[in-house]
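> My questions will all concern the structure given below.
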Amino acid sequence: MKAVITGESDELVGVNLRDNDGAEHVIEMAFDGKITAHQQDGYPDNPAERTEEENERVNQARRFAKYFVLAERGYDTVPAAENPIRINAVRKAIDEMSAEEFKRHFGDLYQQLAYEEGDGTSPAITVPGEATDPSIFCQNIYLGVDPFETDIGGQLADEYGLAIDQPAADIDLTDVSADEIDTWAEYAGEFAGRAEDADLDLSEATYIDETSQLYVKYPNGPNLTAIDDHLEPAARDPDTVIELLPIDPQDLEYFKSFMDHYLRCQIRDSFVEMGVHPPEAFQVIGMGRFMSTWRYDNIEFYPQFHDPNTKAFQ
C-alpha cells in the first residue's frame with residue numbers, strides 16, 4: 001500500500017492510495033474515521049457486483065486509509081479494537097501484570113476454558129442455549145492511562161499538590177472530599193490537554209483499567225452473534241476484545257504467556273487486513289480475531305495465518 005494525504009479541512013481529511021492490486025482509491029473521511037466519500041478505478045462501484053476478493057480489496061483500502069490518517073495526523077480514525085497500537089498497549093499491560101492482577105481480571109476466562117478443555121470442575125458461566133457449537137468465550141478490555149508514569153503528569157501533580165506515592169489505578173476517590181475531587185478533575189483535564197499538545201506517547205503509561213464480565217459469541221454464517229445481555233452498557237468502546245475458542249489453558253502462568261501470543265496474532269490481523277506486512281514482532285502464526293480467521297479461510301489471496309502448518313512468514 002502507498003498513500004498520501006491530499007488535503008485537510010476543519011472536518012475532513014483526504015487520502016489518495018494505491019492498493020496491492022494496483023487500483024487507485026480516493027478516500028475522504030471525518031476525524032472520527034467515518035468514510036464520507038470513496039472513489040476507486042479498479043472494481044465495480046456496486047459492492048453486490050464485486051467478487052469477495054474485490055470487496056476485500058476495497059475494505060483493505062478503507063482500513064489502511066484510516067490507519068494512515070491516524071499515523072500522519074493523529075486523529076482517532078481507527079476503531080479501538082482494530083487499532084494495533086491500542087492492542088499492543090493491552091498486550092504490554094498484561095505482560096507487566098502480577099499473577100494476582102492477571103487472575104483478578106482473567107480468572108473467569110481461565111476457569112471457563114479449564115472447564116471446557118482442561119481439568120476444571122466448574123464453569124464460570126453457563127453457555128446460553130441458543131449458542132451454536134463452538135462457543136467463543138469473550139471479554140472486553142479497557143485501558144487506562146497513569147499520568148504519574150509520564151514526566152508531564154508528574155510535574156503537573158506537583159503543581160496541583162497531588163500525592164503520587166501510588167499508581168493512579170490504586171487511588172480510591174470515593175473517600176475524598178468534593179474539593180479534592182474537583183482538583184483531580186482539573187488535573188485530569190489539564191493533563192489531557194498538555195499530553196495532546198505535546199503529542200505525548202502514552203504507551204508506557206497504560207494499564208488495564210477494566211475488563212467486562214465473560215460472555216459468549218457464536219458463529220452465524222460469516223458473522224458472529226454476541227450473547228451479552230448481562231453486560232452493562234459500556235461508556236466507551238473496548239481497546240480490544242478477547243475471543244477464544246475452547247483451549248486447554250493449563251496453568252495461569254502458561255495462560256498469561258498464551259495471551260501474549262494471542263494478542264500478537266490480533267495485531268498481525270490488524271496489519272494484514274489493511275494490506276500491510278506485519279512488523280517482525282507480529283509475524284506469528286495462530287488464531288487471532290475470529291472474523292480474521294474466517295477471512296483467511298475464505299478470501300483466496302490471504303495466507304492461512306491461523307494454520308500452525310502454514311509457512312506464511314518463512
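> For the range 106-124, which positions are open to solvent by 60 Å² or more (accessible area, probe 1.4 Å) and not in a helix (DSSP H, G or I)?
119, 121
> Looking at (1) touching a Phe, Trp or Tyr at 6+ places or on another chain (Cβ under 9 Å); (2) within 28 Å of residue 225 (Cβ to Cβ); (3) modelled with pLDDT of 90 or more; (4) not in a strand (DSSP E or B), can you tell me which one residue 103 breaks?
Every listed condition holds for residue 103 apart from (2).
> Among the residues of the range 37-57, how many are over 23 Å from residue 11 (Cα atoms) and either touching a Ser or Thr at 6+ places or on another chain (Cβ under 9 Å) or not polar (S, T, N, Q) (or both)?
Final tally of qualifying residues: 14.
> Condition first: more than 18 Å from residue 262 (Cα to Cα) and within 10 Å of the chain's Cα centre (by Cα). Now tell me which residues in the range 71-100 satisfy that.
The answer is 78, 79.
> Would a scan of the range 13-21 turn up a residue that is touching a His at 6+ places or on another chain (Cβ under 7 Å) and assigned to a helix (DSSP H, G or I)?
no
> Now, a different point. Could you check the range 64-77 and list, in sequence order, the residues that are buried (at least 22 other Cβ atoms within 10 Å of the Cβ) and out of contact with any Gly (no Cβ under 6 Å at 6 or more places or on another chain)?
Residues satisfying the conditions are 65, 67, 68, 69.
> Within the range 1-25, can you find the residues that are surrounded by fewer than 16 Cβ atoms within 10 Å (Cβ to Cβ), of a type in the set (A, V, I, L, M, F, W, C) and within 26 Å of residue 301 (Cα to Cα)?
4
> Inspect all residues belonging to the range 248-258 and state whether any of them is modelled with pLDDT of 90 or more, outside any helix (DSSP H, G or I) and crowded, with 21+ Cβ neighbours inside 10 Å.
Let us first name the residues in the range 248-258 that are modelled with pLDDT of 90 or more, namely 248-258.
Filter once more, keeping what is outside any helix (DSSP H, G or I): 248-251.
Adding the requirement that they be crowded, with 21+ Cβ neighbours inside 10 Å leaves 249.
The answer is yes, given that some residue of the range 248-258 is modelled with pLDDT of 90 or more, outside any helix (DSSP H, G or I) and crowded, with 21+ Cβ neighbours inside 10 Å.
> Moving on. Residue 94 passes all but one of (1) assigned by the TED database to the domain that holds residue 251; (2) touching a Gly at 6+ places or on another chain (Cβ under 9 Å); (3) β-branched (Val, Ile, Thr); which number fails?
(2)
The values are calculated or read from the model by the stated rules, or taken from the named source; none is laboratory data. Quantities reported herein were computed from a predicted structural model and do not represent experimental measurements. No Cβ is skipped: glycine too gets one built from the backbone with ideal geometry, and neighbour counts run over all protein chains shown. The protein model used for the area step is the full one, side chains on, heavy atoms only, and it has no ligands, DNA or RNA in it. Shrake-Rupley method; radii C 1.70, N 1.55, O 1.52, S 1.80 Å.
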